[in-house]
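Below: the structure, in structure tokens.
Read-outs: derived from the displayed coordinates by stated rules, not from any lab. None of these values were measured; they are calculated from a predicted model. Ideal geometry is used to build each Cβ from the backbone, glycine not excepted, and the neighbour counts take in all protein chains shown.
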Amino acid sequence: MDGGVPARRPGPGRRLRAGASLLGVATLLVACATPVEPVASRPTGAARLDGTPFAGLSACGSRPFVAVVRGFTTAGESAEGPGSSPSSDILGVRQDGSVTPVTNDLGSYAFGLADDGATVYASPTPDVAPAARAAPADGVLAIDLATGRRTPVLQATDVGEVAPAPDGSTLALTLPPADVPPDTGTPSPALVDLPAAANPRRLAPPATSRAATVATASRDLTWSPDATRLAFVVTLPDAAQEVRVTDTTSGATTTLHHVDATVALQSLDWSPDGTALLAAEGRAPSASGRSRDRAVEIDATTGRATVVLRGVGGDLAYSAADGSHVTAIDNGGSVPVARTWARDAGGRFVLTASAAIGAAADLVAADRIDIPRCAMR
């Protein structure tokens, strides 16, 4: 019904454990992305769509991939158990749109891609991944995208989000309070210097916060290009959400953007020039079934939000060095579809490329697209 509360996505920061309700892939498709409406995305007279949504990206030297995604397969559906999210793996995407598994153990990974495109920092979910995994459960691994080699980075309890800083010096992650049992408590952002020789240091909430206890939303830790600020989403007790930004040197945290409980902030990505944050806002569809999702760019200084795309939700990421293109994964059909939009003269984005991905890998859905800065032209 129009005006209802859209479903919050069960992304890596919201892993479902024992005792939670069973979530199937069919539910995931509804919660992760609303089908893109061509009328809303491509005005009359726009250029014909091409089938190469990743063609505008370039390989980072000898690195094999221009992007990575989290993929859900029919095998993952079979491995899904009571109280767990659909099992998933990390897949690399090439310029031609073909995908190759980076992991193949259905570890339900939360992950972040380094800006040089060489390494994925990932945390597997211990209650889904096989017991034979080489690294301790619920730690953080560094996975070499070229060789698949896994190196343990740190071990912590109930790691949620993972995001490496652009310069590779620091790892941001979400952790529950240290003094509560596993799978309880509200996760919050923390930082650890690499290589990890000390315990993660937690980011303090801003003094002006309306809530003492907040929970980070899924897929929402993103670094500024100069690695001095970390942006993230928090969910307040009344289900409203805020985009907050922390200066990682001073520790000062400010609230940049606020939405009420009828909106779900589905993704967050910092612009390549550091001046804005791209946020996907999920809303319940209209009474006629039309999508009311939209994407906004939030000024990183003033917090002013400008609508740049309508009818599109889920994971959105910048895919050009000048911020002129964005790319998303749409799960509105039987297979995931990658779509790319180009910014027009008025500042809004127009759909220019669309193609199904992952058929050879038996993907039924995908999300959490991550594009390294080195791949952006």
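Projected label points at Arg310 and Ser78, each 7 Å from Cα along the beta carbon direction, are separated by 4.5 nanometres. Each residue of segment 301-315 was assigned a 3J(HN,Hα) from its phi angle through the Karplus expression (A = 6.51, B = -1.76, C = 1.60, θ = phi - 60°), giving 9, 9, x, 5, 9, 10, 6, 10, 7, 10, x, 9, x, x, 8 Hz with x at Gly and Pro.
Near Thr73, the amide H atoms lying under 5 Å from its own belong to Val364; only residues 5 or more places off or on other chains count, and H is placed 1.01 Å from N. Remark: segment 280-285, residue by residue, has Karplus-estimated 3J(HN,Hα) of 9, 10, x, 9, 5, x Hz, where x stands for each Gly or Pro and the curve is 6.51 cos²θ - 1.76 cosθ + 1.60 at θ = phi - 60°.
Computed about its Cα centre, the charge dipole of segment 225-272 is approximately 80 debye, with only Lys, Arg, Asp and Glu carrying charge at their Cβ. Full extension of the chain segment joining Asp322 with Thr302 gains 5.2 nm, where the gain is 0.36 nm per residue of separation less the Cα-Cα distance. Computing FRET efficiency as 1/(1 + (r/R0)^6) for Gln155 and Ser58, where r is the C-beta to C-beta distance and R0 is 45 Å, gives about 0.80. Net charge in the neighbourhood of Ala276 (other residues with Cβ under 10 Å of its Cβ; Lys, Arg +1, Asp, Glu -1) is -3. Remark: segment 263-273, residue by residue, has Karplus-estimated 3J(HN,Hα) of 10, 10, 6, 9, 7, 8, 9, 7, 5, x, 8 Hz, where x stands for each Gly or Pro and the curve is 6.51 cos²θ - 1.76 cosθ + 1.60 at θ = phi - 60°. If the chain linking Leu194 and Thr254 were pulled fully straight, counting 0.36 nm for each residue of separation and taking away their Cα-Cα distance, it would gain 19.1 nm. Between amide H atoms placed 1.01 Å from N, distances below 5 Å from Ala67 occur with Val93, all of them 5 or more places distant or on a separate chain. The fewest-to-most ranking of Val312, Val263, Val350 by surrounding Cβ atoms within 10 Å reads Val350, Val263, Val312. Extension gain, Ala239 to Asp167, is 22.5 nm, computed as 0.36 nm per intervening residue step minus the present C-alpha separation. In a reduced charge model with +1 at each Lys and Arg Cβ and -1 at each Asp and Glu Cβ, segment 239-348 shows a dipole moment near 420 debye about its Cα centre.
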